[in-house]
Each structure stands twice: as C-alpha cells, then as structure tokens.
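Right, one structure below, let's go through it.
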Amino acid sequence: MILGSISKNSVIMGLFAIATTGLIVFTQINTADQIEAAKRKALEAALKEVVPANLFDNNLLDSTVDVAASKQLGNKDSRVAYIAKKDGIPTAAIFQTTAPEGYGGSINLLIGINADGDVTGVRVVPPHFETPGLGDKIELAKSDWIKSFDNKNLASPNTAGWKVKKDGGEFDAFTGATITPRAIVDGVHKSLLYFNEQQLALFGTQTSSTFSSQGSQP
Amino acid sequence: MSTVESTATDNPELDLPSTPKKTSSVDTKKIVSDGLWNNNAVLVQVLGLCPLLAVSGSIVNSLALGLATMFVITTSNIAVSMIRNYTTDTVRLPVFVMIIASFTTCIEFLMNAFTYELYLVLGIFIPLIVTNCAVLGRADAFASKNGVFASALDGLMTGLGFTLVIVALGTIREVLGQATLFDNMHLLFGDIAQNWTIHIVDDYKGFLFAILPPGAFVIMGFLLALKNIVDKKLKERATALADKPVSGSRRVRTTGNIS
C-alpha cells in the first residue's frame, strides 16, 4: 500500500522532471548560438572601448595570447590577452585584470596598453558589486573617472604616484569611497608592471613572421 | 422599487468593494481587479520584496524584471493548471517548483540571448524569480484549483500588478536618484530607444538615498500608504453613493403615499 503510493509519486516526479528538463534543454539549444553571438558582440564592443580604433585593423577577438596565472593580473587560472595589430605588427595588448580588493569583492577590468607602455583605456567589466552611488562612479556611465588612466604609464606618474590622492598618489578618490578607486589604481598599475615584463613574450610569440618593431620602453 | 435597483446596478463603483454576487467558477472581472489592485502581490500580499527592492533602481531594470516575472507567473500558472489533475498531494509542491524553476531558467536563457547587457545588470535576480513567493503562491492558491483560461488570466494580472508596482517604484527612484526618466531603455528595446532618456534637471548631483535599497524600502512604504488612502477614499465614496439611492427612494415613496 505504502510502496504503491511511493512508486506512484516517484513516477509522477520523474515524469515531470523529464518534461521540465526537456523544456530547459530545448530552450538552451535554441538560444545557444544567440547567446554566444551576444557575448562576442559585447566583448568586441568592450575591447574597442579600451583601444583607439586607429591602433588596429585586425579582429581583436581572434587575436589572443594565453596568459598564465599571475599575481599581477590577479588571475588564478589561465586567461587570454587580446593583441591589437596594425598591418600585422602588434600595437597594443588588452588584459583582463582582476582587482581583488574592491569594496564589494573583486572588480574585473579590461585594460588596454599600447606598445609604448601607455594606458590606452580602462573599463570595468560588469557585473561589479561596488556601492551604488558611491563606488559605482568607476563606470563610465556614471563618471569620467575611469578615463583618468588614459595615457598614463610607469614613468608618469612614478611608482609613488600610482596611488589615490588620499594615499599620496595622484589619482582622485570619490567622496565616501576610497577603497574602490584604490583597488582599481592598484590593478592598473600591476597590469602595467606585468606588461613591462612580458611585452616581448606577448608580442613576440604572436607574430612569428614579423619582428617586434618597438624598442623596449621603460 | 425598480428605480432603486437600477441605480444600484448601474453604478460601477458599487461592484468594487462589495462581495461578488456571481459565484461562477470564472469571474474574469474579479481576477483582474484582484491581481491589479484588491489583492496585489506587492501592495496587499507584500510578496516578492527582495527582487523588488534590489532591482527597482531604474525604470528599465524594473520593467525587465517585472516582465520576466509576469512571463514566469503566467506560463507556470498555465502549466500548473494543465497538470493539476495529474499530481498527488504529496508531490504537488515539488512539481510546481520544478515547473516554475524550468520556466525561470528558460527566461534566463532568453534574456541572456536577446538582452545580454540587461541580463548582466539584473544578474542573480533573474534566477531568484523562482523564490518569488508570489509565483508559487499563485500556482498553489489559484492555478491548482482553476481552469487553464482563468489561471492564465490570473497569472497575467498578478504579474501585471507586480510589474506596475515595481515600475512605479523604479520611476520614483530614478527621478529622485538621478533626475532622469527612461535612462538606458535601449538595453531592453534596442537601438530605437537610444534617445529616450529624459533629463528632468540638468547637472543633478544625485540623491544617494533613493538609489540605495533603504530608499526603495521607504518609497515602498509610501506606496503602501497611498494604496490604503485610495482604498479608504474609494470605500467612503462607495458608502456615500450607497446611502444616496436609499434616501432618495424613501422620498419617492413618501410623495407616492401623499398622492
């Protein structure tokens, strides 16, 4: 009697599990291509934000270099960096950096650095968990602050300057939010250091046929 | 006597607060008025507050989550109503949750595919639609006992009621918080909505309290109060209107007696 009701209920549950899973599988299969396309489109748009259009003529999404886990980029596993090229010569690299010490957790950044070691652009990759109204001024939609990194490099400002003003550096912090900008300034600085060390490896392995036209810059 | 009856039934205001006279299984009018106002998921039942308070920072976010919730309530209501005779009491709730979860996952895929940026903005709150008590509440309280059409309508109206409140909240917060209307609507409607943003005040510094969740909570409180005030006014007007015909009829009868 009890066994009968148990088996009946199990069968009902099982059938519904199959049916609902089927519905999900159907939706997933039918949206997979669209989702992939949307992701690529969003990524491509984000990449174009951090590197000026006159620096490259290649397809950024297809021009990648694997970057091993490194403390400077804040990644725990291997990631790709995107190499911008003009006429086949590498002109800039775009890193996906994680600034681990944001107020609401890690902040993912896209950082473009050109062959001279200058920052061409920084953008925060959504989603981030910084306080709305305070820390979220790191978004370009809310404030131009993120543009204050443009054209900065390891020489200007010097190491002491790569901090927020409150810590004696030269980057503004927001009223009521110091931790967020501090994390990002630190993240960008570390990426520059990484690029400085790895530039030859990044640009060299990419293009076996061409030489790296840039002299090593500080 | 006949004049009394006609004045009473002709007056639509009277139908709203009074108990329904019709006892038919599908009372369309009652479903609509319950879902949108009398038994509104947010304003009366105070359900689903977590996504409501967290997401309603702007109109576009509110509208997107409202529509997603409406989709889930409607489709799960239809499905639950269709299978209501094929489950046993023991497994009823797990089966409902499975249905709701699968429809939520579907809308998540769809939003991921077609409104990718919005999907990123809303993040965890799309899957959290599963935990919105309003959805399971409607499935269990209504759809499991009623036919497909009534359940579909009930889901649609409950969802619409939720959407209206969350959009109202989003509108107020967006105006107070950043003095704009319809900002970022292109995330939902594509490129045609690129220029929909209305700046009410130029160079607005922003009002942090309205942007943060506590502000949402307070504004929500004002909306609840407003709803109660409107209800009270409606009730007063209804009783006033209900009194009038009675007193009028007496006068008629009095004159009748004299002549």
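What to note about this one:
- Other protein chain Cβ atoms within 10 Å, averaged over every residue that makes up B:215-227: 0
- Degrees separating the helix A:2-50 axis from the principal Cα axis of chain A, which is the longest one: 20
- C-alpha long axis of helix A:179-206 to longest principal axis of chain A, angle in °: 80
- Across B:Asp27, B:Asp231, the residue with the most accessible area heads the list, and the full order at a 1.4 Å probe is B:Asp231, B:Asp27.
- With a cut-off of 13 Å between beta carbons, the residues surrounding B:Phe189 carry a summed charge of -3, where Lys and Arg count +1 and Asp and Glu -1.
- Rough spin-label spacing in nm, given labels placed 7 Å along Cα→Cβ, for A:Asp33 and B:Tyr204: 4.3
- Where Rh is the Kirkwood radius over Cα pairs, Rg/Rh for the range A:51-211: 0.97
- Rg to Rh quotient for the range B:174-243, alpha carbon positions, Kirkwood Rh: 1.22
- Taking all protein chains as they are arranged and a probe of 1.4 Å, the heavy atoms of A:Thr159 leave approximately 100 Å² accessible to solvent.
- Within the straight-line cut-off of under 21 Å between alpha carbons, the lysines reachable from B:Lys145 are B:Lys21, B:Lys22, B:Lys29, B:Lys30, sequence neighbours fewer than 8 places apart in one chain being disregarded.
- Gyration tensor verdict on the protein assembly as shown (Cα atoms; rounded if a/c is under 1.5, prolate if a/b is larger than b/c, oblate otherwise): prolate
- Reachable aspartates and glutamates from A:Lys39, criterion Cα separation under 19 angstrom, eight or more residues apart if same chain: A:Glu49, A:Asp62, B:Glu108, B:Glu117, B:Asp191
- For the range A:51-211: relative contact order, % (alpha-carbon pairs under 8 angstrom, 6 or more apart): 20
- Probe 1.4 Å, all protein chains present, accessible-area order of A:Glu49, A:Glu197, A:Glu130, largest first: A:Glu197, A:Glu49, A:Glu130
- Each of A:Ile29, A:Asn9, A:Leu200 was placed along the dipole of chain A (beta-carbon charges, centred on the mean Cα), and the one lying farthest toward the positive end is A:Asn9.
- Label-point separation, A:Phe26 to A:Leu200 (7 Å along Cα→Cβ), nm: 6.0
- Each Lys and Arg Cβ is given +1 and each Asp and Glu Cβ -1; about its Cα centre, the protein assembly as shown then shows a dipole of about 1700 debye.
- The string of couplings for the range B:216-226 from the Karplus curve (6.51, -1.76, 1.60, θ = phi - 60°) is 4, 5, 5, 4, 4, x, 5, 4, 4, 4, 4 Hz, one whole number per residue in order, with x for Gly and Pro.
- Amide H partners (placed H, <5 Å) of A:Glu101, local residues excluded: A:Ile107
- Using a Förster distance of 60 Å, the FRET efficiency for B:Tyr86-B:Asp243 (Cβ separation, nearest 0.05): 0.70
- Placed amide H near A:Lys86: partners under 5 Å, 5+ positions off or other chain: A:Asp57, A:Thr91
- Sequence of B:Arg237, A:Arg79 when ordered by accessible area, the most exposed leading, probe 1.4 angstrom: B:Arg237, A:Arg79
- Shown for the protein assembly as shown: the carbon plus sulfur share of the solvent-accessible area, taken with all protein chains present and a 1.4 angstrom probe, equals 61%.
- Helix-derived mean residue ellipticity, 222 nm - over chain A, DSSP H n ≥ 4, -39500 (n - 2.57), to 500: -13000 deg cm²/dmol
- Anisotropy class of the range B:100-259 from Cα gyration tensor, a/c 1.5 cut: oblate
- Calculated FRET efficiency for the pair A:Ala69/B:Val46, C-beta based, R₀ 56 Å, to 0.05: 0.75
The values are calculated or read from the model by the stated rules, or taken from the named source; none is laboratory data. If you're wondering where the values come from, they're calculated on a predicted model, not measured in any experiment. For neighbour counting, all protein chains shown are included, and Cβ atoms are generated from backbone atoms with ideal geometry for every residue, glycine included. Ligands, DNA and RNA are stripped out before the accessible areas are found, and what is left, the full protein with its side chains, is counted by its heavy atoms. Shrake-Rupley method; radii C 1.70, N 1.55, O 1.52, S 1.80 Å.
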